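Read through the structure below, which is laid out as structure tokens, and then see the notes.
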Amino acid sequence: MTKILINTIYRATEGEGVQLGSPQIFIRFQGCAIGCVNCDSKDTWEFKPEAAMEMEAVLAKVDELASEGRWPLRRVSITGGDPLHPQHVPALMELMIDLKLKGYWINLEAAGSRIVDDVFKAADFISFDFKTPSTGVRTSLELLARFIREYGHKGQIKAVIADNADFGAAFEARRQIDEQVGAHPIPWVLTPCFSPGEKMPLKRFQEVMKLNEDWGAPFRVIGQQHKWLYGADAKNV
Ligand code: SF4
């Protein structure tokens, strides 16, 4: 019997990126070894054995939440934690196959640290992070270029921007990638940082938009709508 480490499964409207505004069922994995300094989900880091759920229970919970409204939802977002950590991948793959058989459209949140081809092929949409300096983590530009070449037709690149240095790093990454890969239609999305405990960072948001305007608009600036509505500390929204 397959078990998966799960932090939570909940129903909500996508609050960030180009899928903003789409209601879906979120499956949040428990366990991440990446360690972003400004992570807003640190409760998902520990690989807790007590978080293990039977695959059947996960699927049943997804179906139950999907059927709550007057018309069933058919969208799932798999997030974390880091669902692509090698410890999760066998169960993740099984979960994705089962969800596809049930007719769900699957969004996968990838931390930008690895590509797992079988998983990426099974996903309908992939959000791939470019880690900026404020995260304390680095995304390989070679990996990013490969993601764009092979999966860019069904993905977005997302970068959290805390300050000018983050914007500069994203801009330089985009410039180098454009040189390597050539013109590509994948959207690059900047997410102005909105950390736990903070009030709505209006000034930061305005500055990120202004930087993008001043530097030729290579990005789309999309905030975290769920945090505007419910606050930066709210969970499962
Ligand atoms: S990859 Fe995601 S869950 Fe893991 S530390 Fe970074 S932001 Fe947090």
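The numbers here are math on the coordinates, done by the rules we state, and not lab data. Bear in mind that the values here come from a model prediction, so they are computed numbers and not experimental data. We place every Cβ from the backbone using ideal geometry, glycine too, and count neighbours over all the protein chains shown.
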Open item on the list: Please list, ordered by chain and number, the residues whose modelled amide H lies under 5 Å from the amide H of Ala52; skip anything fewer than 5 residues away on the same chain.
Closed with: Ile6
- [ ] List the lysines whose Cα lies under 24 Å from the Cα of Lys199, skipping any in the same chain that are fewer than 8 positions away.
- [x] Lys42, Lys131, Lys158, Lys210, Lys227, Lys235
Task: Net charge dipole size for the chain [Lys, Arg +1 and Asp, Glu -1 on Cβ; Debye, nearest 20] - done: 320
Task: Dipole of the chain, positive end: most advanced residue of Ile186, Ala159, Leu108 [Cβ charges, Cα centre] - done: Ile186
Open item on the list: What is the angle, in °, between the Cα long axis of helix 141-151 and the longest principal axis of the Cα atoms in the chain? Nearest 10 is fine, range 0 to 90.
Closed with: 60
Open item on the list: Please give the charge dipole size of the range 167-237, origin at the Cα centre, charges +1 on K and R Cβ atoms and -1 on D and E Cβ atoms. Round to the nearest 20 debye.
Closed with: 300
Task: Cysteines (scope the chain) whose Cβ has no counterpart Cys Cβ under 4.7 Å - done: Cys32, Cys193
Task: Semi-axis lengths, Å, the range 132-173, gyration tensor of Cα atoms, sqrt of 5 times eigenvalues - done: 21, 10, 8
TODO: Would you mind telling me which residue in Gly223, Gly17, Gly35 has the biggest mean-square fluctuation in a Gaussian network model of the chain, where springs connect alpha carbons within a distance under 10 angstrom?
DONE: Gly35
Open item on the list: How many angstrom lie between the Cα centre of the range 144-199 and the Cα centre of the range 1-57?
Closed with: 22
TODO: Could you name the lysines whose alpha carbon sits less than 25 Å from that of Lys102, not counting residues in the same chain fewer than 8 places away?
DONE: Lys3, Lys61, Lys121, Lys154
TODO: Over 19 Å, how big is the tail of the calculated P(r) for the range 1-122, in percent of all Cα pairs?
DONE: 45
TODO: Identify, among Phe47, Thr2, Gly15, the residue whose Cα sits farthest towards the positive end of the charge dipole of the range 1-149, taking +1 on the Cβ of Lys and Arg and -1 on the Cβ of Asp and Glu, with the dipole about the Cα centre.
DONE: Gly15
Task: Using distinct alpha-carbon pairs, which all enter the 1/r mean, Kirkwood radius of the range 90-161 in Å - done: 12.8
Open item on the list: Distances longer than 22 Å among the Cα atoms of the chain: what percent of all pairs is that?
Closed with: 52
Task: Rounded to 5, the percent of DSSP beta bridges in the chain classed as antiparallel - done: 30
